[in-house]
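Presented below is the structure to which this report refers.
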Amino acid sequence: MTEREEEQMIRDQFDKLLAACPRCQTEENKKLVTKAFELAHEAHKGMRRKSGEPYIIHPIEVARIAAEEIGLGTKGVVASILHDVVEDTDYTVEDLQNMFGEKIASIVAGLTKLEGIFDQSSSLQAENFRKLLLTMVEDVRVILIKLADRLHNMRTLNSMPERKRLKIAGETIYFYAPLAHRLGLYAIKSELEDLSLKYELPNIFNELSAKVKESEEKHTEFINNFKAPIEQRLNAEGYNFEVVGRHKSIYSIWSKMQKKDLPFDEIYDVLAIRVVFSPKIHLPEKTQCWAIYSMITDIYKPKPDRLRDWVSTPKANGYEALHSTVMGPNGKWVEIQIRTQRMDDIAERGFAAHWKYKGQKEKESELDKWLEMVKELLDNPDSDSLEFLDDFKLNLFASEIMIFTPKGDVKVLPTGATALDFAFDIHTDIGYKCIGAKVNFKLVPLSHTLKSGDQVEIITSEKQQPKYDWLNFVTTAKAKTRIKEAFKSERKDLIIKGEKILEKALHKKKLTINSRILRKIMTHHSISKRDELYFKLGKGSLKLENLAKILSIKSSNKWIRYWKLSLGMSGSDKDEKEEKERSKKKKLVLSDDNDKDQFTISECCNPIPGDDILAFADEDDKLILHSRKCPVAIKLMSSQGDRIVSAQWESHKILSYLALINLSGIDKMGIVSNITRVISEDQNVNMRSINIESHDGIFEGSIYLYIHNTEDLNNLIYNIMKTKGVHNVTRQERIKG
Ligand code: MN
């Protein structure tokens, strides 16, 4: 492309952006947006992205997403165009303040603070997420633009080296997608999830995409037949509406397959449609939703327990709709969502769409409440960041239940919340003094799990003191944070006590505490933080047994040092060629030639050759292998992304790895010996142990095997499945705990 053609392409992109922003159309606003563009264009001149395209395309695209897909107005678009100017060029926040005013400058400043979060060489990411939330509470637009930025980066992730791709995809799935969900940005959330899956588990993603494509045609036909009578009826009633088939995202299919352990067909076959209508002016929206529900259920019978009413009480993220499941033709269940155009807008584009309907209904209060909760949590300045992130995340994705106070007020809590969570939700002091509750007028302990619709009265006593083990049965971030707070000083004492205990024990062996010794003990007990180890020792919940043996475990560092050297430490990130070179070297290729001491296989997911894997360098640069599906790995990717080393198995035929399979079936004479015969006849497998229990004619068991790779394992599973009486054989990835 010549320089002139490139310039033309940039101008075209900008025109597209302008056209995509309905709220930028006045002369004055157009001028402001154009001014921002000219400035950013000039400032980023000569800069290019990893893909080779001019840098300015990125802020233009981010602004387009902000306008078109999130629904932001002029200020948001201007701030999006300028979002990298302060970070990457010579312009300062003051410059922007002079040119664009206080508000826009402060949004860009907020975004700049967040920039660089993901390029740090330590585990500070969690702390930065916290900063991000703090900034968000000041102006939600900051986080909305950050999400647009992240979405564009995910859409263009292909040009990044794999190690970075994994890191960025990991953060996205762990933090950004839940956040988008919490802000009600459904479309963005699903796209972020799909893109993450695409880069984390490309094989699975491609396989599922192909299957979806294949089944689509069949579904379209069914949906058309299904919706015809509905359309007829709604037309007759004079409604202005649309009935659309609802596509399930690849990620949602995959995560359901994982969670429910079901094959693709059973998940994908659940069909779903959505009825979106423009309400008639003279009737309330709610009444009309129910009227349409009633018309549809005249045609198809509803499943009694599948009715969900988020019209009367919206979800905390503002979602409103009526959900039901009905029996369609051929006895097939079909999920139905009924929404007005306004509800649909809010469901797809979230809170930003509220602006469009401001005045019509004051629903923003729900989001305000949520932001208030975030603010409150953030007020606690010295809670541990990573822990905070975990607690906070719990609340991002949880589905919700509604609880009534004795006076009839409604509180929305995450599913699984207990009476104690409810107490803390009302007030911290009520939580601390809580001794029990009356749920629907019946006395229950404070650990009682609440159900949607419960009416709850908290019983307190002045004599009550907070207890540490309360942490075992609260789920809300608020309750967790408050309980931990109450024990902060006590915890500090126990940490000091624990350190002394360890010191003493080591002293007897003429040793002192050092990082190597600590790591060995922590690894042995699966503890990730030093304070946690001391705390447990101090509290007495952990005993120093087998210390000599734990310390004698040899950790080989020779190869790691070689690995570190071969990676090289220098090199500017801007230099693409070098980066490519480095990332190529950085790939850890595991073959039969490697010494097994060169890495550790994590016990949480126990990958074997053939699985998609990645490696983490721990504090001592020891490499730990995880399956890419492993939840622990996903968390590490997002919180300590710089320790990722991309890794891949080469073919494995010699070394063996431990794997575990579970099986069940009908108990028959000789079933155990039949199964063991299948295993012993297999040349590629060695059995370590087998454990089979039988009750009431059904057997269940597990077998530990030594195996070369997933292919051999799948063959074996297939062969065992053929054994008469065996009904189910699955691999269990988590071997311990
Ligand atoms: Mn950016």
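The values are calculated or read from the model by the stated rules, or taken from the named source; none is laboratory data. Predicted model only: the values in this text are computed from it and were never measured. Cβ sites come from the backbone with ideal geometry, for glycine too, and all protein chains shown count toward neighbours. The accessibility values were calculated without ligands, DNA or RNA, using every heavy atom of the protein model including side chains. Shrake-Rupley method; radii C 1.70, N 1.55, O 1.52, S 1.80 Å.
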Original post:
Within region 74-97, can you find the residues that are open to solvent by less than 10 Å² (accessible area, probe 1.4 Å) and under 30 Å from Asp345 (Cα atoms)?
Top reply: Gly76, Val77, Val78, Ala79, Ser80, Ile81, Leu82, His83, Asp84
Original post:
Out of the residues in region 452-483 that are in a helix (DSSP H, G or I) and open to solvent by 50 Å² or more (accessible area, probe 1.4 Å), which is farthest from Lys536 (Cα to Cα)?
Top reply: Phe473
Subject >> Odd one out for Phe100, checked against (1) of a type outside the set (D, E, K, R); (2) surrounded by fewer than 13 Cβ atoms within 10 Å (Cβ to Cβ); (3) touching a residue at least 40 places away in the same chain (Cβ under 8 Å) >> reply: (2)
**OP:** Search region 619-632 for residues being buried (at least 17 other Cβ atoms within 10 Å of the Cβ) and touching a helix residue (DSSP H, G or I) at 6+ places or on another chain (Cβ under 8 Å), and hand back the single one that is modelled with the lowest pLDDT.
**Re:** Lys622
Original post:
Which one is most open to solvent (accessible area, probe 1.4 Å) among residues in region 282-339 that are among the basic types (Lys, Arg) and not in a strand (DSSP E or B)?
Top reply: Lys301
**OP:** Please tell me if Asn662 is in contact (Cβ under 8 Å) with a residue 40 or more places away in the chain, more than 27 Å from Tyr199 (Cα to Cα), open to solvent by 10 Å² or more (accessible area, probe 1.4 Å) and of a type in the set (S, T, N, Q).
**Re:** yes
**OP:** Just name the residue that is nearest to the ligand (Cβ to nearest atom) out of those in region 137-146 that are open to solvent by 10 Å² or more (accessible area, probe 1.4 Å) and touching a residue at least 40 places away in the same chain (Cβ under 8 Å).
**Re:** Arg141
Original post:
Name the residues in region 223-254 that are touching a helix residue (DSSP H, G or I) at 6+ places or on another chain (Cβ under 8 Å), without any contact (Cβ under 8 Å) to a residue 60 or more places away in the chain, of a type outside the set (Phe, Trp, Tyr) and open to solvent by less than 30 Å² (accessible area, probe 1.4 Å), would you?
Top reply: Val243, Ser249, Ile250, Ile253
Original post:
Name the pairs whose Cβ atoms lie under 7 Å apart, with the first residue in region 424-453 and of a type in the set (Lys, Arg), the second open to solvent by less than 20 Å² (accessible area, probe 1.4 Å), and 6 or more positions between them or separate chains?
Top reply: Lys451/Ile401
Original post:
Across region 537-559, which residue is modelled with the lowest pLDDT among those that are surrounded by 13 or more Cβ atoms within 10 Å (Cβ to Cβ) and out of contact with any helix residue (DSSP H, G or I) (no Cβ under 7 Å at 6 or more places or on another chain)?
Top reply: Asn557
Subject >> Count - residues of region 147-183 that are open to solvent by less than 10 Å² (accessible area, probe 1.4 Å), aliphatic (A, V, I, L, M) and within 16 Å of the ligand (Cβ to nearest atom) >> reply: 5
Original post:
Is it true that some residue in region 347-362 is modelled with pLDDT of 80 or more and touching a strand residue (DSSP E or B) at 6+ places or on another chain (Cβ under 9 Å)?
Top reply: yes
**OP:** Give the number of residues within region 517-551 that are part of a loop (DSSP other than H, G, I, E, B), among the aliphatic types (A, V, I, L, M) and free of Cβ contacts under 8 Å to residues at least 40 places away in the same chain.
**Re:** 2
Original post:
Limited to region 1-42, what total is found for residues that are among the basic types (Lys, Arg), surrounded by 14 or more Cβ atoms within 10 Å (Cβ to Cβ) and without any contact (Cβ under 8 Å) to a residue 24 or more places away in the chain?
Top reply: 1
